[in-house]
Amino acid sequence: MSGAVGLRGVQAWLVRQPDQRALELVCAEHPGASLGDRRRVVVRLGACAADLAGHELVELLTLGATDVLVRLDGCDDAGTASARLRPLVALLQASGADRLHVDGGPDAGAPGAADRRPRGLRRRRAVLDAGHMPLSRRQVMGLADPVPRPLPDEDLHPQLRLVAAVRELVDRDTPDAPALAALAGPAAALSARGCTACGVCVRACPTDALALRHSAPSGPAITMLLQDPAACDGCLGCVDLCPQDALAPVGNRSWQEVLDGGPVPVQSMATAPCERCGTRFPTPSGERLCPVCAYRRANPFGSFVPPTAQRAAG
């Protein structure tokens, strides 16, 4: 999910509230946002709910929201919004933290949909702006009680923030969530054949989900290509950039594997450092030079022999 609809202001507002709040989020184009359950704090987003950042949405539940309701009955793109939000709802249901809800059926976005809500919920209430949440002067200056809780680190990758938020909710709401093992997560399950331990995939991964680990700091060793499912967002950049075409996706890892964390082995191989450049490479036949150095030794003039060398050779 993109971060076009930022919820940072809502998060900063939540952590400064003395009590937990039930939130109701509506699209910028919602025609009847002021009608609804007065027990909820209704917040109008800066754009469409289809552009909500999933990690920021789940983080609301860790920062002081008892539950979050996203209303799609007045959304201009309810189909896209529902398709993006339903996986988050399923994830939290599987984790036992069933506190994120999406309100919008087949007629979501139809004219007058907001007016067809149950009469008990058709009450006027204030509508807050997600980009300009109200704070008192004491709260802005940090003088009010309680002391605000720290906000999530914005420098972290969205995938890492989502995993951290779900982990906190799982630990808080239920210690055992077997349904997570049957729910596919974003992390790609990788298979490897013919890996040369070149490290291109490790450097290419934008979330540092891959690593090479050697059993010995020098000399022959067993080298393992490891994957951290919690950090993998399934972009498959490692597969696309592998110079040996050694990596291939074989589905997705479950959310249980993602939340458990810890490195998962993708492939292991015997390696040794090249005697010339020091780069580690597989040594199935006991070679002493890596393929690059072996090629350079066999072809000191490169791929093409210079004309002068050709004439000298006869």
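FYI, it's all coordinate maths here, none of it is from the lab. From a predicted model like this one, the values you see are computed outputs, not experimental measurements. Cβ atoms come from the backbone with ideal geometry, glycine included; neighbour counts cover every protein chain shown.
Positive end of the dipole of the chain (Cβ unit charges, origin at the Cα centre): among PRO282, THR308, GLY74, the Cα lying farthest that way belongs to THR308. Solvent-free Debye calculation, one equal scatterer per alpha-carbon of the chain: log10 I(q)/I(0) at 0.11, 0.12 Å⁻¹ equals -0.79, -0.88.
The smallest convex shape that holds all Cα atoms of the range 186-298, its convex hull, gives 98 Å³ per residue.
Normalising by the residue count of the chain, find the relative contact order in percent from Cα pairs under 8 Å and 6+ residues apart. Walk me through the numbers on the way to the answer.
Working: 592 pairs, mean separation 49.2, N = 314.
Once normalised by length, the contact order is 16 percent.
Can you tell me which of 207-215, 57-65 comes out highest on packing, and rank the rest after it, using the mean Cβ neighbours within 10 Å?
Values: 207-215: 17.3, 57-65: 22.3.
By packing density, highest mean first, the sequence is 57-65, 207-215.
Rounded to the nearest 500, the 222 nm mean residue ellipticity of the chain from helices alone is -7000 deg cm²/dmol, with -39,500 (n - 2.57) taken per DSSP H run of at least 4 residues.
For the chain, the dipole from Cβ point charges (+1 on Lys and Arg, -1 on Asp and Glu) about the Cα centre works out to 380 debye, to the nearest 20. The alpha carbon centroids of the range 274-304 and the range 192-232 are separated by 21 Å. What is the set of long-range amide H partners of GLN267 at a cut-off below 5 Å, with H atoms built 1.01 Å from backbone N? Those qualifying (amide H under 5 Å, at least 5 residues apart or on another chain) are LEU225.
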